[in-house]
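Asker: Take a look at this one; I'll ask things after.
The values are calculated or read from the model by the stated rules, or taken from the named source; none is laboratory data. Not measured: the values here are computed from a predicted model. Neighbour counts are summed over all protein chains in view; Cβ atoms, including those assigned to glycine, are modelled from backbone coordinates with ideal geometry. For the accessible areas, the whole protein counts, side chains as well, though only heavy atoms, and no ligand, DNA or RNA atoms are used. Shrake-Rupley method; radii C 1.70, N 1.55, O 1.52, S 1.80 Å.
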Amino acid sequence: MARVGIFGAGWVGLVTGACFADLGHEVVIRDVVPEKIERLRAGEVPFHEPDVPELLERNRDRLTFTLDVDDVADCDFLFVCVDTPPTYSGDADLSRVWTVVDELPELEGRRILVMKSTVPVGTGEKIRHGLDLRGLSHVAYASNPEFLAEGNAVRDFMHPDRVVIGAFDDADSDTVAALYEGIDARVVRCDVNSAEMIKLAANAFLMTRISFINEIANVCEATGADVVKVAEGVGLDHRLGPHFLRAGIGYGGSCFPKDSLALKQLASNSGYHFQLLSAVIEVNELQKRRVIGKLTKHLGPLRGKKVALLGLAFKPNTDDMREAPSIVLASRLLAEGAVVRAWDPVVRDPGNLPRGVEVVESVLDAVEGADAAVIVTEWDDLRHLARDEVRAAMANPLIIDGRNLLDPGAVRAEGFVYEGIGRRTVATDVLPETRARDPELR
Ligand code: UGA
C-alpha cells in the first residue's frame with residue numbers, strides 16, 4: 001500500500017483522499033485553513049456529497065488531516081487538488097498550484113507529484129521546470145485529471161470510464177497506474193500536455209452537447225416539436241449516445257463555466273479563436289435568461305409579480321451554488337421588479353444569491369401566493385409539485401419547468417398551466433387572467 005499526500009481539502013481533495021483510503025492506501029490530507037482541518041478532524045464534512053461521510057468514517061484509521069506541510073514529506077505520491085478559479089481575464093488562476101510547488105518540503109528519494117487540479121495545457125512542463133530549479137529533479141511529475149461529477153463523485157472515482165495519466169516518463173505513469181489497482185478501468189497513458197487537454201476537451205464537449213440540445217429545444221418551441229422526444233430519438237444513435245442531451249436552463253457549477261473560459265483563453269492566448277466554444281458559452285448565458293420571456297408571456301410585465309424559484313443548487317444532490325443558473329435568474333427577476341421567494345432542500349448558504357431574494361424552508365412556503373413557480377433544479381422532491389395544495393396556495397397555477405422534470409400531460413390534468421423547455425405548448429396553456437386580458441384568446 002502507498003502513502004498518498006493530498007494538497008487541498010476541498011471537494012476534489014476529500015473525495016480523492018477518501019477513495020484512495022478506501023482502496024487501502026494511507027492518506028494525509030493537508031490544507032492551509034485551520035478551521036477546515038479542525039472540522040474534518042472532528043468528523044464533519046464541509047459539503048453535501050453522497051457517500052463521502054461514510055467513506056471518511058470507515059477509513060478513519062488510514063486518514064490524517066494536517067496543516068503542516070512536513071507531514072506529507074514521507075508520502076510516495078503528492079496529489080495537487082487545489083482549486084484553479086478563473087482570473088479577471090478568464091485564464092485559470094494557478095497561484096494555489098504554484099504555492100504547493102513552492103511549499104514542497106525537502107523530499108528524499110523518488111516521489112511523484114500528481115496534478116489532479118484542472119490546469120491549462122503546458123502547466124506540467126512549467127512545473128517540471130520549476131521543480132528542477134528548486135533542486136527537486138528527483139521528484140517525478142504526472143498529470144492525472146479528475147472526471148468526477150458532483151453528487152456522483154464516489155461512484156465516478158470507483159467506476160471511472162477511464163483513468164488518464166500523462167507523464168514525462170513511462171515508468172512514472174506505471175507508478176501512478178498501480179495506485180488505482182482494484183479499480184476496473186481503461187488507463188489512457190499519454191504525454192503531459194495531452195492529458196491536460198483531455199480534461200479540457202472532455203468538459204468542452206459535454207458543454208457543447210448541452211448548448212446544442214438547448215438550441216434544438218429553442219427551435220422545437222418555435223416549431224411545435226418536443227425536445228424530450230427529439231433527444232431520445234437522437235440519443236439512440238450509437239454514434240451519438242444519450243448522455244448530456246437534457247435540455248434546460250443551462251449548465252452551471254464550479255467546473256464547466258470556469259473550464260470553458262479557461263480553454264477559450266488558452267486558445268486565444270495561443271493565437272486561435274475557438275469559435276464553437278465561444279458560441280457554446282453564449283448560448284448558455286442566453287438560455288439562463290429565457291425563463292423571463294416565458295414568465296412575461298403568461299403574466300405580462302413582472303413588476304410586483306411573485307415568483308417562486310424551486311431549487312438553487314446548480315444541479316441536484318449537491319449544495320453547490322457556484323455559477324448556478326438560479327443566481328442569474330434571481331437577479332434578472334429582481335431587475336424586472338418581481339418578488340422572488342426561493343427554496344432548496346440542501347442549500348443552506350445561498351451566498352451568491354442577490355439580496356432581496358427571500359429563502360424559505362418549504363416548497364409550500366415558496367409557492368404561497370405565487371404567480372408562478374419555476375423549477376430551477378430537478379430535485380426529486382419536486383416530482384410531485386403538481387398537486388392540490390400547491391395549486392390552492394398559488395395565486396396563478398403556472399409552472400415553468402426549467403428542467404423538463406414533470407410530465408406535461410399529468411401537470412395539466414391537475415389544473416396547472418405548464419411550460420417546459422423545448423416542449424409543445426397546448427391551447428389550454430393560458431392563465432385565466434391572460435385569457436381575460438387578450439380578447440383573441442377568449
Ligand atoms: C462536470 C463533469 O461532468 C465531470 O466529468 C467533471 O469532472 C467535472 O465537471 C469537473 O470538471 O470537475 P459537474 O460540474 O459536477 O461535473 O456536473 P455535471 O453533472 O456534469 O453537470 C454540469 C451542469 O450541466 C449542471 O448544471 C447540469 O444541470 C447541466 N446539464 C447536464 C444539463 O443542463 N444537461 C445535461 O444533459 C447534463
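Asker: Between segment 148-198 and segment 348-365, what is the C-alpha centre distance in whole Å?
Answerer: Computed from Cα coordinates, the inter-centre distance equals 39 Å.
Asker: Roughly speaking, what % of Cα-Cα pairs in segment 1-143 are separated by over 20 Å, rounded to a whole number?
Answerer: For segment 1-143, the fraction of Cα-Cα distances above 20 Å is 45 percent.
Asker: Right, next: Roll a 1.4 Å probe over the protein heavy atoms and report the accessible area of Leu236 in Å², nearest 10.
Answerer: About 140 Å², ignoring ligands and nucleic acids.
Asker: Now, a different point. Could you work out the equivalent-ellipsoid semi-axes for segment 325-392, taking the square root of 5 times each eigenvalue of the Cα gyration tensor, largest first, in whole Å?
Answerer: Semi-axis lengths for segment 325-392 are 20, 14, 10 Å.
Asker: What does the accessible area of Glu323 come to, in Å² to the nearest 10, when a probe of 1.4 Å is used?
Answerer: 100 Å²
Asker: Using alpha carbon coordinates only, what is the Rg to Rh ratio of segment 47-87, with Rh defined as the Kirkwood radius?
Answerer: That ratio equals 1.04.
Asker: A follow-up question, please. Can you return the lysines within cross-link range of Lys297? Criterion is Cα-Cα under 30 Å, with same-chain partners fewer than 8 residues away left out.
Answerer: Once the sequence-local lysines are set aside, what remains near Lys297 is Lys229, Lys288, Lys305, Lys306, Lys315.
Asker: Just want the answer: with Cβ charges of +1 for Lys and Arg and -1 for Asp and Glu, which residue in Gly224, Thr64, Gly369 is farthest toward the dipole's positive end in the chain?
Answerer: Toward the positive end, the furthest listed residue is Gly224.
Asker: Take every Cα-Cα distance within segment 340-442, group them into 5 Å bins from 0 onward, and report for each bin the whole-number percent of pairs it holds.
Answerer: Percent of Cα pairs in each bin: 2, 12, 22, 24, 19, 12, 6, 3, 1, 0.
Asker: With a Förster radius of 56 Å, plug the Cβ-Cβ distance of His273 and His238 into 1/(1 + (r/R0)^6) and report the FRET value to the nearest 0.05.
Answerer: 0.95
Asker: Let me ask something additional. Largest first, how would Phe47, Phe79 line up by accessible area (1.4 Å probe)?
Answerer: In descending accessible area the options line up as Phe47, Phe79.
Asker: Rounded to the nearest 5, what is the percent of antiparallel bridges among the DSSP beta bridges in the chain?
Answerer: 5 percent
Asker: While we're on this one: So for segment 172-302, taking the charge dipole from beta-carbon charges (+1 Lys/Arg, -1 Asp/Glu), which of Val283, Ala262, Ala202 sits furthest toward the positive end?
Answerer: Val283
Asker: Could you do me a favour and compute the accessible area per residue for segment 170-264, 1.4 Å probe, result in Å²?
Answerer: It amounts to 49 Å² per residue over segment 170-264.
Asker: For the chain, what is the calculated [θ] at 222 nm in deg cm²/dmol (nearest 500), taking -39500 (n - 2.57) for each run of four or more DSSP H residues and dividing by its residue count?
Answerer: The per-residue figure over the chain is -12000 deg cm²/dmol.
Asker: Quick one: net charge of Arg290's neighbours, Cβ under 12 Å, K/R +1, D/E -1?
Answerer: +1
Asker: Give me the angle, in degrees from 0 to 90, between the Cα long axis of helix 192-223 and the longest principal axis of the Cα atoms of the chain, rounded to the nearest 10.
Answerer: Helix 192-223 and the main axis of the chain meet at about 10 degrees.
Asker: Where the only charges are on Cβ atoms (+1 Lys, Arg; -1 Asp, Glu), what is the dipole of segment 344-442 about its Cα centre, to the nearest 20 debye?
Answerer: That gives segment 344-442 a dipole magnitude of about 380 debye.
Asker: In a shell of Cβ-Cβ distance under 12 Å around Leu200, excluding Leu200 itself, what net charge do Lys and Arg (+1) and Asp and Glu (-1) give?
Answerer: +1
Asker: A further question follows. Please report the Cα spread of segment 255-412 along all three principal axes, rounded to whole Å, starting with the longest.
Answerer: 58, 34, 32
Asker: Follow-up question, since we're still on this one. So for Glu49, Glu103, what's the accessible-area order with a 1.4 Å probe, most first?
Answerer: Result of the area sort, largest leading: Glu103, Glu49.
Asker: Taking 8 Å as the Cα distance limit and 6 or more residues as the minimum spacing, I'd like the relative contact order of segment 383-442 as a percentage.
Answerer: Relative contact order here is 29 percent.
Asker: Also, quick follow-up: Indicate, rounded to the nearest 5 percent, the antiparallel portion of the DSSP beta bridges found entirely in segment 70-188.
Answerer: Close to 20 percent.
Asker: Starting from the alpha-carbon convex hull of the chain, give the projected area averaged over all orientations, in nm².
Answerer: Projected area, direction-averaged: 22.7 nm².
Asker: Dipole magnitude of the chain about its Cα centre, charges +1 at Lys/Arg Cβ and -1 at Asp/Glu Cβ only, in debye to the nearest 20?
Answerer: Using only the charged Cβ atoms, the result is roughly 1760 debye.
Asker: Just to confirm the number: angle between the C-alpha axis of helix 123-133 and the first principal axis of the chain, 0 to 90 degrees, nearest 10?
Answerer: 30 degrees
Asker: Please give the contour-minus-distance gain from Val360 to Glu433: 0.36 nm per residue of separation, less the Cα-Cα distance, rounded to one decimal in nm.
Answerer: Length gained between Val360 and Glu433: 23.6 nm.
Asker: Considering only the other residues whose Cβ falls under 11 Å of the Cβ of Val367, what net charge follows from Lys and Arg at +1 and Asp and Glu at -1?
Answerer: Once positives and negatives cancel, what remains is 0.
Asker: When the accessible area of segment 282-441 is split by element with a 1.4 Å probe, what percent falls to carbon and sulfur?
Answerer: That fraction is 48 percent.
Asker: Which one of Thr16, Thr377, Thr175 has the biggest mean-square fluctuation once the chain is modelled by GNM with Cα springs under 10 Å?
Answerer: Greatest mean-square fluctuation among the candidates belongs to Thr175.
Asker: Here's a follow-up. Helix 256-269 sits at what angle to the longest principal axis of the chain, using alpha carbons and giving 0 to 90 degrees rounded to 10?
Answerer: It is inclined by approximately 60 degrees.
Asker: Test of understanding: in a Gaussian network model of the chain with alpha carbons linked when under 10 Å, which of Ile183, Ile375, Ile213 would top the mean-square fluctuation ranking?
Answerer: Looking only at Ile183, Ile375, Ile213, the largest GNM fluctuation is found for Ile183.
Asker: On a C-alpha basis, how far is the centre of segment 98-130 from the centre of segment 39-67 in Å? Whole number, if you could?
Answerer: 25 Å
Asker: Based on Cβ point charges of +1 for Lys and Arg and -1 for Asp and Glu, what charge dipole magnitude is obtained for segment 266-385 about its Cα centre, in debye rounded to the nearest 20?
Answerer: About 560 debye.
Asker: Follow-up question, since we're still on this one. Counting each pair of different Cα atoms once, what's the Kirkwood radius of segment 257-333 in Å, rounded to one decimal?
Answerer: Value: 14.6 Å, from the Cα pair sum.
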